[in-house]
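Here is the structure we will look at, set down as structure tokens.
The values are calculated or read from the model by the stated rules, or taken from the named source; none is laboratory data. From a predicted model like this one, the values you see are computed outputs, not experimental measurements. Please note: Cβ atoms are built from the backbone with ideal geometry, for glycine as well, and neighbour counts cover all protein chains shown.
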Ligand code: SF4
Ligand code: SF4
Ligand code: SF4
């Protein structure tokens, strides 16, 4: 971080000198420095802390002494034991409560320090053979995370604890190309690279599409305002059919580190390089100091993602460096400025009808229509029986696509039909088989093994709960800035100013 401009210390990574919490650095109980600013290309600035007289709390030229780990461990042993026992009891209680009712228990392992501690606690709490470990491999993890995962996997194997890796069939290069880079509001990657592969892996492990299980998760309330509202137990909020238990919810990072040093738990080397959190390379939720540390620690990997971002930038007025450093890329809300993005799906109203124009669809609309109900007709004029009622529509073939028309008033009378009917064609146009819809269907009706196949649909509409019907549509949609479509307040959810208006 550049602290060597102020203080003296040996260059080693075995023992810590300072503790870092967010951007604040503590030495022997006192906050002695703060980091300000920084981005992927610029190092953050160091601000040294002074007392009320203006004297630096840690004078320049001071020689730093390492933390005395054995003494720290000894001094806090009793306190840690208490926290540890309380947490182990919580894990046991959840196991006892659900073990006869559910199909499996798993530790959601991410490679971060919290999940390393969590795994160690679950090993202490539960009998061998009663749980498995699933590493959610996004393909975008830090190289140090993969190195740690290899070690943890070997350790689990030695202890006969099943260890699985759940990864998407897409590499990040493939998915970023298909969807466009993720952004703060277009976080398709969380589903495509995280939750979907984990659900599919657990189905494979349990042999059930509708498995019910408990995931032990290492989230902590101290990590963010959002997480401070988390409960110990939540049912199906993240993944349907899955109870999440957050046993270390109230642990502080100091307690996590104390546990790691006390029990000599393996941890991720990314922390010794200055990362405060371990996650995906080039996460759109990151930025600032974190992105600088990432770039410095893993330049080759980060540059590969930056190259993809640069290629996707169709906004010629913005330099690539600015687009990456100032966050233009991760503020993207639609596909308007994605390089080469063509409008293949358009919705508008005309003479009392909703018109959908589709070009070069990737999948068959008749297959996706099965999610709404039985289809009647086979030549331009069709009806679908949706929730016991017939709805008429037409599909007229055109060059490399078709034009769909259905009554606006029918859609108004039944907004659920109006929404899901549109979504059928969004899915049809954009589906690249990311498998999210397959993962949300607990009946196992959707398969992509031999192209899209939907069999035995229960019309539960769960696959229509995917954002906007399809993540690819959501990420690549091109907003209509004007015209007859702009009639309701919802139009503004996709509304974006055009460059020439500015
Ligand atoms: S890049 Fe960020 S938003 Fe995407 S999966 Fe990783 S952590 Fe989630
Ligand atoms: S999620 Fe529901 S509507 Fe979709 S395919 Fe499965 S059963 Fe049918
Ligand atoms: S339709 Fe579903 S499975 Fe297909 S790409 Fe979209 S979100 Fe993924």
Looking across region 293-314 at residues that are more than 16 Å from ligand 1 (Cβ to nearest atom) and farther than 25 Å from residue 116 by Cβ, the single one that is surrounded by the most Cβ atoms within 10 Å (Cβ to Cβ) is 313
Number of the condition not met by residue 475 [criteria: (1) surrounded by 16 or more Cβ atoms within 10 Å (Cβ to Cβ); (2) modelled with pLDDT of 95 or more; (3) more than 16 Å from ligand 1 (Cβ to nearest atom)] = (3)
Which condition does residue 197 not pass, out of (1) within 16 Å of ligand 1 (Cβ to nearest atom); (2) farther than 19 Å from residue 107 by Cβ; (3) modelled with pLDDT of 95 or more, if it passes all the others?
-> (2)
Would region 436-452 turn up any residue that is modelled with pLDDT of 95 or more, out of contact with any strand residue (DSSP E or B) (no Cβ under 9 Å at 6 or more places or on another chain) and near ligand 3 (Cβ under 7 Å from one of its atoms)?
-> yes
Name every residue in region 168-205 that is more than 16 Å from ligand 3 (Cβ to nearest atom) and closer than 15 Å to residue 438 by Cβ, in order of residue number.
-> 201, 202, 204
How many of the residues making up region 291-317 are within 24 Å of residue 22 (Cβ to Cβ) and outside any helix (DSSP H, G or I)?
-> 1
Any chance you could count how many residues in region 442-456 are exposed (fewer than 13 other Cβ atoms within 10 Å of the Cβ) and assigned to a loop (DSSP other than H, G, I, E, B)?
-> 3
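Yes/no matrix, rows are residues, columns are (1) touching a strand residue (DSSP E or B) at 6+ places or on another chain (Cβ under 7 Å); (2) more than 16 Å from ligand 1 (Cβ to nearest atom); (3) touching a residue at least 40 places away in the same chain (Cβ under 8 Å); (4) outside the structural domain of residue 121 (by TED's automatic domain parsing):
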{"site": "205", "(1), (2), (3), (4)": "yes, yes, yes, no"}
{"site": "212", "(1), (2), (3), (4)": "no, yes, yes, no"}
{"site": "218", "(1), (2), (3), (4)": "no, no, yes, no"}
{"site": "230", "(1), (2), (3), (4)": "no, yes, no, no"}
{"site": "241", "(1), (2), (3), (4)": "no, yes, yes, no"}
{"site": "250", "(1), (2), (3), (4)": "no, yes, no, no"}
{"site": "256", "(1), (2), (3), (4)": "no, yes, yes, no"}
{"site": "263", "(1), (2), (3), (4)": "no, yes, yes, no"}
{"site": "285", "(1), (2), (3), (4)": "no, no, yes, yes"}
Has region 427-435 got any residue that is touching a helix residue (DSSP H, G or I) at 6+ places or on another chain (Cβ under 8 Å), touching a residue at least 24 places away in the same chain (Cβ under 8 Å) and within 16 Å of ligand 1 (Cβ to nearest atom)?
-> yes
Please go through region 17-40 and pick out each residue that is exposed (fewer than 15 other Cβ atoms within 10 Å of the Cβ), modelled with pLDDT of 90 or more and either at positive phi or part of a loop (DSSP other than H, G, I, E, B) (or both).
-> 28, 29, 37
Scanning for something free of Cβ contacts under 8 Å to residues at least 12 places away in the same chain and farther than 21 Å from residue 39 by Cβ, does region 308-316 turn up at least one residue?
-> yes
Selection within region 323-342 - exposed (fewer than 14 other Cβ atoms within 10 Å of the Cβ) and either in contact with a strand residue (DSSP E or B) (Cβ under 7 Å, 6 or more places away or on another chain) or in a helix (DSSP H, G or I) (or both) = 331, 339
